[in-house]
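First up is the structure itself, then whatever we jot down about it.
The values are calculated or read from the model by the stated rules, or taken from the named source; none is laboratory data. This one's a predicted model, so the numbers in the text were calculated from it and none came from an experiment. Note that we place each Cβ from the backbone using ideal geometry, even for glycine, and neighbour counts take in every protein chain shown.
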Amino acid sequence: MGVLLNIIYLIATVTFIVGLKMLGHPETAKKGNLIAAAGMGLAILGTVFVHELEVPPLIYILVGIAILIGSIIGWLIAIKVEMTKMPELVSLFNGFGGASAALIGLVEYGKNVTNATQSMTIVSGIIIGAITFSGSLIAWGKLNGTLKSVVRIPYYNIVNNITIIGIIIFAAFMVASSVDSQLFLYALLAAGLIYGILFVLPIGGADMPVVISLLNSLTGIAAAITGILYNNMVMLVGGILVGSAGIILTVAMCKAMNRTLGSVIFGAFGGAAATAGENKALGSIKSTTASDAAIMMNYANNVVIVPGYGLAVAQAQHVIHELEGILIKRGVNVKYAIHPVAGRMPGHMNVLLAESNVEYNMLVEMEDINPQFSNTDIVLVVGANDVVNPAAHNNPASPIYGMPILDVENAKHIIVNKRSMNAGYAGIENELFYNTKTSMLFGDAKAALTDLVAEMKNI
């Protein structure tokens, strides 16, 4: 049985690696996800049924019921969730992974309290799992709007540092003294949960993509710790893959925002929303209509579409694909400019546009599209804000200064679709809206684009 189980774990491990590799490209991501899911299913079945332990039939029944309930809930959520809700769903599921690691630690601590190595592993899993769980719930609340983007806690850096140092000292005491106390154990769990809340609560909404990646990495680390505890190869490898991928992605997101991980954690930004009308420092805005925008785009040779979170909220990806098709039929060269942190999680825009069957070769990354803007007749910005804000280049006092952005201000004409003049997640004015080349097409993205498509058909 042991040999068979190891073979099953080896196969599952290979599927994880292959699936993760395939997730790096939109055209293979779906297949990669299915392969990795199949590997996880195989690992679960192997763990439950292929072992050398004597297990009462009742346990098999309870495990089977748990797997069935979890599968049904996961399936129902997956088929019903909107693309706009995907980041918060990822955050929520990530939190459950951390909770699992913490619960395993609570169960196993008493059995291994005299083994310093094992008890250190267990308390580490409890702490990391608890931080991940509560932190992910706070991130989920920020993403769905239940919680304010930024909650200012007085002296939060000092409070957070004292809390985490206290947790480490307390955990070290438990390991060193081999204390077997449920009270101490649950106190450690509570401290981890509190720190997770304190850790994420002050971080601004603009930094949520980074926070999600970091918390995802912590979940992987917690899973790897559990794999060490059980000497389970598939949990160890899976955890290492998730943890390392999360760290790599976190670093990439920080780079895309020109922010260090430390500045994300300790220097959250966000502020009051901008107001419509005239800004004495920046100038005045110029609005347009769907009819005027259609005429401009009809006579353009090169059009670049910049999708943002507003496109996802309005579920306008199918309409914009229709607009793209009309332009291409009229001989217009159309491309999509994709910023690494557009939306609420890495790859959000890629997945959203793939959902509407936009060809992958039309999606151009920031580094490749920026040199092309100077030869672009019209840029259509749909629901994007901070990622096209020239303040990142022009204003050293801006909190996003130095952040790599899409250089849409270099285009000949700019059409920006937004519901209002409200600020983006960074909470600051967007200089692009006041550019003399910019025309604001106000309204819900789906409604505005539908009107634009109708006008294009009438020309």
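The table below lists the values:
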| item | result |
| --- | --- |
| Any hit, the range 81-91, residues being basic (Lys, Arg), under 23 Å from residue 200 (Cα atoms) and either surrounded by 12 or more Cβ atoms within 10 Å (Cβ to Cβ) or assigned by TED's automatic domain parsing to the domain that holds residue 30 (or both) | yes |
| Number of the exception - residue 162 against (1) assigned to a helix (DSSP H, G or I); (2) in contact with a helix residue (DSSP H, G or I) (Cβ under 9 Å, 6 or more places away or on another chain) | (2) |
| One residue from 59, 72 being surrounded by fewer than 11 Cβ atoms within 10 Å (Cβ to Cβ) and outside the structural domain of residue 236 (by TED's automatic domain parsing) | 72 |
| Residue in the range 226-248 that is of a type in the set (Gly, Ala, Ser) and in a loop (DSSP other than H, G, I, E, B) present | no |
| Residue in the range 294-306 that is in the same structural domain as residue 337 (by TED's automatic domain parsing), within 23 Å of the chain's Cα centre (by Cα) and either crowded, with 20+ Cβ neighbours inside 10 Å or at pLDDT below 90 (or both) present | yes |
| Qualifying residue in the range 436-449 (condition: farther than 22 Å from residue 324 by Cβ, in the same structural domain as residue 325 (by TED's automatic domain parsing), outside any strand (DSSP E or B) and modelled with pLDDT under 85) | no |
| Odd one out for residue 46, checked against (1) touching a residue at least 24 places away in the same chain (Cβ under 8 Å); (2) within 30 Å of residue 348 (Cα to Cα); (3) surrounded by 13 or more Cβ atoms within 10 Å (Cβ to Cβ) | (2) |
| Tally of residues being of a type outside the set (Gly, Ala, Ser) and either touching a strand residue (DSSP E or B) at 6+ places or on another chain (Cβ under 6 Å) or under 30 Å from residue 176 (Cβ atoms) (or both) across the range 114-155 | 14 |
| Sole residue being among the aliphatic types (A, V, I, L, M) and over 20 Å from residue 194 (Cα atoms), chosen from 151, 123, 175 | 175 |
| Residue that is farthest from residue 261 (Cα to Cα), among those in the range 373-405 that are among the polar types (S, T, N, Q) and surrounded by fewer than 17 Cβ atoms within 10 Å (Cβ to Cβ) | 375 |
| From the options 27, 52, 88, residue that is touching a helix residue (DSSP H, G or I) at 6+ places or on another chain (Cβ under 9 Å), of a type outside the set (Gly, Ala, Ser) and not in a helix (DSSP H, G or I) | 52 |
| Among the candidates 382, 351, residue that is over 18 Å from the mean Cα position of the chain (by Cα) and among the β-branched types (Val, Ile, Thr) | 382 |
| Count of the range 16-27 residues which are surrounded by 15 or more Cβ atoms within 10 Å (Cβ to Cβ) and over 23 Å from residue 236 (Cβ atoms) | 1 |
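Yes/no matrix, rows are residues, columns are (1) among the acidic types (Asp, Glu); (2) within 27 Å of residue 225 (Cα to Cα):
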{"site": "82", "(1), (2)": "yes, no"}
{"site": "124", "(1), (2)": "no, yes"}
{"site": "143", "(1), (2)": "no, no"}
{"site": "146", "(1), (2)": "no, no"}
{"site": "160", "(1), (2)": "no, yes"}
{"site": "173", "(1), (2)": "no, yes"}
